[in-house]
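Asks: The structure's right below; bear with me while I get my questions together.
The values are calculated or read from the model by the stated rules, or taken from the named source; none is laboratory data. In this text the structure is predicted, and so the values were computed from the model without any measurement. Quick reminder, even Gly has a Cβ in these numbers, built from the backbone with ideal geometry, and neighbours come from all protein chains shown. The area values use the complete protein model at the heavy-atom level, side chains included, leaving out ligands, DNA and RNA. Shrake-Rupley method; radii C 1.70, N 1.55, O 1.52, S 1.80 Å.
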Amino acid sequence: MKKVKISDSAPRKYKINECLLKRSIGHRREAIRKLPKYLSISLNTLHNYRNILFSDSQDIPHEIVVLFEQLFELQTGGLLNKPIRGKTLDELINTELQQSRE
């Protein structure tokens with residue numbers, strides 16, 4: 001498998017790096033050492049999560065996202081760099097009802 005170099009400025013899907021970079025170097029190193037054990041993932045998986053780009057179809061499991069948000073003291077949905085917008089169930093149903101009447 002060929003390694004792909006990811007630019008530091010490439011837009012990431014999640015704010016993991018941003019949250020880590022707000023910490024002192026020593027605190028960041030300690031966090032990177034402790035996070036995998038706390039999240040029950042490998043160090044490599046943590047690095048993969050940090051490098052998920054907007055264009056990637058890969059995602060972090062929801063339970064892990066919630067834990068990251070709690071660890072970084074973010075609001076629900078705060079780990080995402082790009083908000084997800086969708087219709088409510090009522091909007092979806094009403095739109096389909098209106099289209100079927102036309």
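Asks: Let me check I have the definition right: for the range 7-46, take the eigenvalues of the Cα gyration tensor, multiply each by 5, take square roots. What are those semi-axes in whole Å, largest first?
Replies: 18, 14, 8
Asks: Relative to the first principal axis of the alpha-carbon coordinates of the chain, what is the inclination of helix 62-71, with its axis defined by its Cα atoms, in degrees from 0 to 90 and to the nearest 10?
Replies: 60
Asks: Let me ask something else. Using modelled backbone amide H atoms (1.01 Å from N, in-plane), which distant-in-sequence or interchain residues come within less than 5 Å of Leu53's amide H?
Replies: Result for Leu53 returns Lys13.
Asks: List, in order, the whole-Hz ³J(HN,Hα) value for each residue of the range 53-61 obtained from phi through the Karplus relation with A = 6.51, B = -1.76, C = 1.60 and θ = phi - 60°; use x for Gly and Pro.
Replies: Residue by residue, the range 53-61 yields 8, 3, 6, 6, 7, 5, 9, 8, x Hz.
Asks: Let me ask another. If you roll a 1.4 angstrom probe over the protein chains with everything in place, what fraction of the accessible area of the range 38-102 belongs to carbon and sulfur, to the nearest %?
Replies: Using a 1.4 Å probe with all protein chains present, the range 38-102 comes out at 49 percent carbon and sulfur.
Asks: Right, something else. Residue by residue through the range 19-32, what is 3J(HN,Hα) from phi via Karplus (6.51 cos²θ - 1.76 cosθ + 1.60, θ = phi - 60°)? Round to whole Hz and write x for glycine and proline.
Replies: Residue by residue, the range 19-32 yields 5, 5, 5, 6, 8, 5, 4, x, 5, 5, 4, 5, 4, 5 Hz.
Asks: Here's a follow-up. So what's the angle, to the nearest 10 degrees on a 0 to 90 scale, between helix 89-101 and the longest Cα principal axis of the chain?
Replies: Once rounded, one gets 30 degrees.
Asks: Quote the convex hull volume per residue of the range 38-88, based on C-alpha atoms, as a whole number of Å³.
Replies: Normalising the Cα hull of the range 38-88 by residue number yields 99 Å³.
Asks: Where Rh is the Kirkwood radius over the Cα pairs of the chain, the temperature 10 °C and the viscosity 1.306 mPa s, what D in µm²/s does Stokes-Einstein return?
Replies: The Stokes-Einstein estimate is 100 µm²/s.
Asks: Something else about it: Show me the ranking of peptides 13-23, 53-63, 85-95, 68-78 by mean Cβ neighbours inside 10 Å, starting with the highest.
Replies: Ranked from most to least packed, the peptides come out as 13-23, 68-78, 53-63, 85-95.
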